[in-house]
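Each reported figure results from applying straightforward, stated rules to the coordinates on display, with no laboratory input. From a predicted model like this one, the values you see are computed outputs, not experimental measurements. Methodologically, a virtual Cβ is constructed for each residue, glycine included, from the backbone with ideal geometry; neighbour enumeration extends over all protein chains shown.
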Amino acid sequence: MERPRPLCATAVASIVMGLLLVVVAGCADAREPIPMPTASAPSASATSTPSPTPTPTPTPTFDATRLSIDDPASLWVVVNKLRPLNPTDYAPSDIVRVPVPYANEPFLRQEAADAVVALFAAAEAEAGLRLQAQSAYRSFAVQVRVYNGIVASRGQEYANVRSARPGHSEHQTGLAIDISSIPSVCALDPCFGDTEHGRWLAANAHRFGFHLRYQPGMTGITGYSYEPWHFRYVGVELATELHETGVRSLEEFFGLPAAPTYAE
Ligand SMILES: [Zn+2]
């Protein structure tokens, strides 16, 4: 894996250990690797060659060091293709069942689970929109089985772009959830972003602590193409800061290297 691959996001359904698991992974998109903005080198982007977006800046008063981005149990942990969880077989200690409608029975860490309940309730109360959990917590062991199954059937290279490697998935933190609509339309498909449900989520999820983790045109930084269904719980403070300042990735917000693909 030395360069992004021109493939699109996809969903792979796999029956593992009697469970129907829907495994989703974005993949690299070679069209537009985006240079990593750096705080120390403010470019004259307004006057130079085409710049995707001006580099947003965090609110000066926001303390971006308040929580760890390395501790797997931190609400701010940053996991990507260059930052595996440490330890890679990390398992949260406070996983609970999330009492919401679902396509696959959802489990998350307690705080994220409470936030999902509030988020779904607000969507229905404020906009008359029904939501369901498509996929939430996936343990290291489950991810190993899924990933190895794909490697066995389709090969390593295919698996690398279609499924997160064990230890590298945000779903293993117990803080990430894939959301779909009821009735299900465009589930796990980029067209979900154009649905009323997808638009409401993009505009409101931050109020409940969720960050739209894989935004369009960010493959060169996050390593994943647009996933309008994947939300990462980071707490209301950080989610709101990201939303209001327009910073579109945790990598940029915390000044981390771009992670378009695995190091290997
Ligand atoms: Zn996801």
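Pick from region 80-101 the residues that are in contact with a Gly (Cβ under 6 Å, 6 or more places away or on another chain) and more than 21 Å from Ala133 (Cβ to Cβ): which of them is surrounded by the fewest Cβ atoms within 10 Å (Cβ to Cβ)? Working first, answer last.
From region 80-101, those in contact with a Gly (Cβ under 6 Å, 6 or more places away or on another chain) are 80-81, 84-85, 88, 92, 95; that's our starting set.
Remaining after also requiring more than 21 Å from Ala133 (Cβ to Cβ): 80-81, 84-85, 88.
On the way: Asn80: 25, Lys81: 21, Pro84: 20, Leu85: 22, Thr88: 15.
Filtering first and then ranking leaves Thr88.
For Thr261, are the conditions met, namely being in contact (Cβ under 8 Å) with a residue 24 or more places away in the chain and either within 13 Å of the ligand (Cβ to nearest atom) or within 13 Å of the chain's Cα centre (by Cα) (or both)?
On the way: in contact (Cβ under 8 Å) with a residue 24 or more places away in the chain: yes; either within 13 Å of the ligand (Cβ to nearest atom) or within 13 Å of the chain's Cα centre (by Cα) (or both): no.
So Thr261 fails the test.
May I ask you to say which residue of Ala125, Ala103, Ala118 is more than 16 Å from the ligand (Cβ to nearest atom) and more than 17 Å from His211 (Cβ to Cβ)? Before the answer, list the steps.
Numbers: Ala103 fails: more than 16 Å from the ligand (Cβ to nearest atom); Ala118 fails: more than 17 Å from His211 (Cβ to Cβ).
It is Ala125.
Give me the helices (runs of 4 or more DSSP H) completely within region 136-254, filtered to those with at least 1 residues that are within 15 Å of the chain's Cα centre (by Cα) and either more than 19 Å from Arg83 (Cα to Cα) or not hydroxyl-bearing (Ser, Thr, Tyr) (or both), ordered by residue number. Break it down stepwise before answering.
Details: elements: 140-154, 156-162, 196-204, 219-222, 236-245, 250-253.
Qualifying helices (runs of 4 or more DSSP H): 156-162, 196-204, 219-222, 236-245, 250-253.
Name the pairs: first residue in region 115-144 and over 18 Å from His230 (Cα atoms) and touching a residue at least 12 places away in the same chain (Cβ under 8 Å), second residue within 16 Å of the ligand (Cβ to nearest atom) and part of a strand (DSSP E or B), Cβ to Cβ under 7 Å, at least 6 apart or on different chains?
Taking only residues 6 or more apart or on different chains, the pairs are Val142/Leu21.
Tell me which residues, restricted to region 169-188, are within 9 Å of Ala136 (Cα to Cα), touching a residue at least 40 places away in the same chain (Cβ under 8 Å) and near the ligand (Cβ under 8 Å from one of its atoms). Steps first, answer last, please.
Restricting attention to region 169-188, the residues satisfying the condition of being within 9 Å of Ala136 (Cα to Cα) are 171-172, 174-179.
Still in the list and also touching a residue at least 40 places away in the same chain (Cβ under 8 Å): 172, 174-179.
Matches in region 169-188: Ala176, Ile177, Asp178.
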